[in-house]
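Notes follow once the structure below has been shown.
The values are calculated or read from the model by the stated rules, or taken from the named source; none is laboratory data. Note that this is a predicted model, so its numbers are computed, not measured. For neighbour counting, all protein chains shown are included, and Cβ atoms are generated from backbone atoms with ideal geometry for every residue, glycine included.
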């Protein structure tokens, strides 16, 4: 991760805009990197062997002035110094990292590079599109017949298009997830639930921690939900001791909204959930917080028994995309719903997670 510095201009406070450029080896011929307009630049494999420079434009009451940095030679992505405040991004699932993504079924799918453990969609309900801010975005357009090709038992009243990443359960640790979401329209507010991300999923009842969409008094809202803590129902849905859905912010159609979701993973009361949000380029604010609670599920469920110490479920899934359904299980005719997502990153601290969004 490279970071551009700023200062002052003519001794007056200023606002700043940034444009990163990828140059040839000598730093001569340079081309602007599409969507790289933030103060941070996440160095990728496409930058190896090139140099990078950033033009910083300061604006205040005197006008504006632009200064270009000296070029920075990129040997490999791992030679760049640590991100802001010494943190690290342990997973980078941004759309701008993807060159190829398709799936028409379990036997016909592909991705490059191989970022995701599972391409859990069919009918090409997830695809890559260009975006002026993030370079690329995942377009997730999901409707009847769209589902996880390995979950053929899902009711026809549900529709799914997701990718997932398997990881260690990280018990006792913090993970910070970053994502930007844009919803241009939502056709049917009768949907009972809609997942955007589900993280720390134990393949058990419900989502352990999720960010989704909900109908809040006739308006579409972003929401947080959990199903975690002690559960003891081997025959049906195992509701944990922490179980809620909470609307947090209204959706502004046609505009990006950035989120960082921080989770302290625990099966006891040392866990926590924090959600920060902003409009792109704006100031971050805390949108939600729940402290001193379990964030993983344990106990006996219809999916099996989950040990409180995590010994028999050493890995979990982080999922991205769109998965929604209806309370009326006979409902099989409904519109295609579409969301756009920057991708999903997982970092060791809040500042690093925020920086992955630029």
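The figures follow:
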quantity: Residue list for region 182-200, restricted to those being surrounded by 20 or more Cβ atoms within 10 Å (Cβ to Cβ) and either at negative phi or without any contact (Cβ under 8 Å) to a residue 24 or more places away in the chain (or both); calculated: 182, 183, 191, 193, 194, 195, 196, 197, 198, 199
quantity: From 345, 245, residue being in the same structural domain as residue 172 (by TED's automatic domain parsing), under 18 Å from residue 197 (Cβ atoms) and surrounded by fewer than 19 Cβ atoms within 10 Å (Cβ to Cβ); calculated: 245
quantity: Given (1) under 26 Å from the mean Cα position of the chain (by Cα); (2) surrounded by fewer than 19 Cβ atoms within 10 Å (Cβ to Cβ); (3) in a loop (DSSP other than H, G, I, E, B), number of the condition residue 295 does not satisfy; calculated: (2)
quantity: Positions within region 278-292 being assigned to a loop (DSSP other than H, G, I, E, B) and in contact with a strand residue (DSSP E or B) (Cβ under 7 Å, 6 or more places away or on another chain), in sequence order; calculated: 279, 280, 284
quantity: Residue, farthest from the chain's Cα centre (by Cα), within region 309-340, restricted to residues that are surrounded by 15 or more Cβ atoms within 10 Å (Cβ to Cβ) and assigned to a loop (DSSP other than H, G, I, E, B); calculated: 331
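The rows are residues; the columns are (1) assigned by TED's automatic domain parsing to the domain that holds residue 203; (2) in contact with a helix residue (DSSP H, G or I) (Cβ under 9 Å, 6 or more places away or on another chain); (3) closer than 16 Å to residue 213 by Cβ; (4) assigned to a loop (DSSP other than H, G, I, E, B).
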| site | (1), (2), (3), (4) |
| --- | --- |
| 227 | yes, no, no, no |
| 230 | yes, no, no, no |
| 237 | yes, no, no, yes |
| 240 | yes, no, no, yes |
| 252 | yes, no, yes, yes |
| 257 | yes, no, yes, no |
| 260 | yes, yes, no, no |
